[in-house]
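Below: the structure, in C-alpha cells.
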Amino acid sequence: MLSRVGFLKGHQAKSLVYFTTKCPSTTTPDAVKTDDTSLFRRPVRQEPGKVRLGFLPEEWFTFFYKKTGVTGPYTFGVGLSTYLLSKEYYVLEHEFYNGLSLFLLCFIVVKKFGPAIAKYLDKEIDNYETEMNSGRTNEKEMLESQIKNEEHNQWSSEEAAYRNRLMQSYSEVKKRLDYQMERQNVERRIAQKHLVNWVLKNVLASITTEQEKQNIDKCKMKKCKGGEDPFHMREIDFQNVFRLSRDGVRHLVEVLGPHLVSGERSTALSVESKIFSALAF
Amino acid sequence: MALGDYPIEYDAKKHGPYDPARYYGKADTPLAQVKLGELGSWLSRRNKSPQAMAACVSRAWWRWQHKYVQPKRAGVAPIFQLITGFMVFFYVINYGRISHHRNYKYH
C-alpha cells in the first residue's frame, strides 16, 4: 500500500516536472504580452501622418509600390483624371476655373507663408507646453534641491559625529600613553634613588675608622696648604676638622674679620685661612 | 445602449481610457486581407444596423482626427483633406445639375 503511494507520488512529481518544463510560467511577461497587449494598449498621441502633394496620405502611394514601383501611383492618378475628363464625368464648367484660381491662391499662400507660420506655431506650442509643465518642473527642482540639502545636512551631522569620535579615541589613546610614560619615569626615578642609596650605604659601611682618620688627616694637610675652600667640605668632615659647624665658622669670620689685619704681601693669608688654621690646631 | 453611451463591449477596467477610434468588439479579418471568395461571408457577418454604421463612421472620423488633426505638430494637410472631401461630396450630390454643362456630345 505504502509503496504504491510512493510510486504514485513519484509519478505525479515526474509529471509535474514535465508540466513545468513544457509550459511557460503564466506569470512571465511574455505570456502577458501575447494575451493582453491588445487589450491594455493605451491610446497615445501620434505623430502627424505623412502626406504627399499637400494632402494625399502616403499610404495611398506606397500601396502601389509592390506592383508598380514608385511611379505607379502618379501614373494611376494621371490616368484616372484623364479618364474622368475625357469621358466628362468631371465636367469643366465655370466652377472648375474658379476652383483653379482658388487652388493657385492656396498654393502660393502655403508655399510663401507656410514655413514661417509653422515655425511660429511650433514655437507657440513649445511655449505653451513649457508653461504647462513649469509648475511640475519647478516642484521637481524644489524637491530635488530639498533632497540634496537633506543629504548634505545628514552628511555634515554624520561627519561631525565621526570627527567627535575620532577626537575622543585620540584623547583616550593619548591618556593611556601618557600614563605609561609617567609610570616608566617614576619607576626609573625610584630605581635610581634606590641604587644610589644602596651604593652610598655600602660605601659608608665599608669605611673603617682607620681610613676615616687617615682621610681627615689628609684633608687637614690639604686645608693647611690652602688648596681648597673648606666650606665645600661635607658638614661631618668639616666638624671633625674644625670642631665647629659651617654657620658657626661663618659667624666667627664675620665677627673677627674687622679686627684682623690682613697682610700686604701677595702670599699673605686671608681672614678665613687664619681662622681655619687656628681652629684646626 | 442610449445615445452618447460607450459601446457595450467597452470595459474601463479591461481596456483603460476610452479610445473613440477603436473597435472594442471581437475583431474580424480586416477588409484589406479578405479574399474575394470570402467576401460574401465576411459581408454577411457585418452588423448592418444604422447604429453600427454610425459607430463605424465615428470611428473612422476619430481615426482620421488622431492621425492628422490631433498630433502636436499637425500640418495644414487635414484642412485640405476636408476641403477636398467636401468638394467631392458636393460635386457628387450636384452631379445631376453639373452634367448639363458638358461641352461634348460624344465621348
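The values are calculated or read from the model by the stated rules, or taken from the named source; none is laboratory data. Just so you know, these numbers come straight off a predicted model, no measurement behind them. Counting neighbours? That spans all protein chains shown, and the Cβs are built from the backbone with ideal geometry, glycine included.
Quick look at the values:
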read-out: Cross-chain or 6+ apart pairs with Cβ under 9 Å, segment A:259-281 first and surrounded by 14 or more Cβ atoms within 10 Å (Cβ to Cβ), then modelled with pLDDT under 75 and among the polar types (S, T, N, Q); value: A:LEU269/A:SER262; A:SER270/A:SER262; A:VAL271/A:SER262; A:LYS274/A:SER262
read-out: Any hit, segment A:189-207, residues being exposed (fewer than 11 other Cβ atoms within 10 Å of the Cβ) and hydroxyl-bearing (Ser, Thr, Tyr); value: yes
read-out: Boolean, B:ARG73 is exposed (fewer than 15 other Cβ atoms within 10 Å of the Cβ) and within 21 Å of A:LEU121 (Cα to Cα); value: yes
read-out: Candidates B:SER44, B:SER99, filtered to the one that is assigned to a helix (DSSP H, G or I) and more than 9 Å from chain A (Cβ to nearest Cβ); value: B:SER44
read-out: Among residues of segment A:251-268, those that are more than 14 Å from A:ALA278 (Cα to Cα) and at pLDDT 80 or above, counted; value: 3
read-out: Segment A:227-255: number of residues that are farther than 18 Å from A:LEU204 by Cα and in a helix (DSSP H, G or I); value: 15
read-out: Single residue of B:GLN81, B:GLN51 found to be surrounded by 10 or more Cβ atoms within 10 Å (Cβ to Cβ), touching a residue at least 24 places away in the same chain (Cβ under 8 Å) and not in a loop (DSSP other than H, G, I, E, B); value: B:GLN51
read-out: Which numbered condition B:ILE93 misses (of (1) within 9 Å of chain A (Cβ to nearest Cβ); (2) out of contact with any Lys or Arg (no Cβ under 9 Å at 6 or more places or on another chain)); value: (1)
read-out: Which numbered condition A:ALA205 misses (of (1) among the small types (Gly, Ala, Ser); (2) more than 51 Å from the chain's Cα centre (by Cα); (3) under 30 Å from B:VAL76 (Cβ atoms)); value: (3)
read-out: Per-region count, segment A:42-101, residues facing another protein chain (nearest Cβ under 9 Å) and hydroxyl-bearing (Ser, Thr, Tyr); value: 3
read-out: Residue match in segment B:60-77 (condition: within 14 Å of another protein chain (Cβ to nearest Cβ), touching a Leu at 6+ places or on another chain (Cβ under 7 Å) and on the phi < 0 side of the Ramachandran plot); value: no
read-out: Elements of type helices (runs of 4 or more DSSP H) in segment A:1-114, at least 2 residues being modelled with pLDDT of 90 or more; value: A:58-68, A:72-86
read-out: The one condition in (1) more than 21 Å from B:PRO71 (Cβ to Cβ); (2) exposed (fewer than 11 other Cβ atoms within 10 Å of the Cβ) that A:ALA116 fails to fulfil; value: (1)
read-out: Among the residues listed as B:LYS26, B:LYS67, B:LYS72, the single one being modelled with pLDDT of 85 or more and in a loop (DSSP other than H, G, I, E, B); value: B:LYS72
read-out: Positions within segment A:123-169 being among the β-branched types (Val, Ile, Thr) and within 21 Å of B:LYS72 (Cα to Cα), in sequence order; value: A:ILE125, A:THR130, A:THR137
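Conditions tested, residue by residue: (1) in contact (Cβ under 8 Å) with a residue 24 or more places away in the chain; (2) more than 48 Å from the chain's Cα centre (by Cα).
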| residue | (1), (2) |
| --- | --- |
| A:THR62 | no, yes |
| A:VAL70 | no, yes |
| A:VAL110 | yes, yes |
| A:GLY114 | no, yes |
| A:LEU121 | no, yes |
| A:ILE125 | no, no |
| A:TYR128 | no, no |
| A:MET132 | no, no |
| A:ASN153 | no, no |
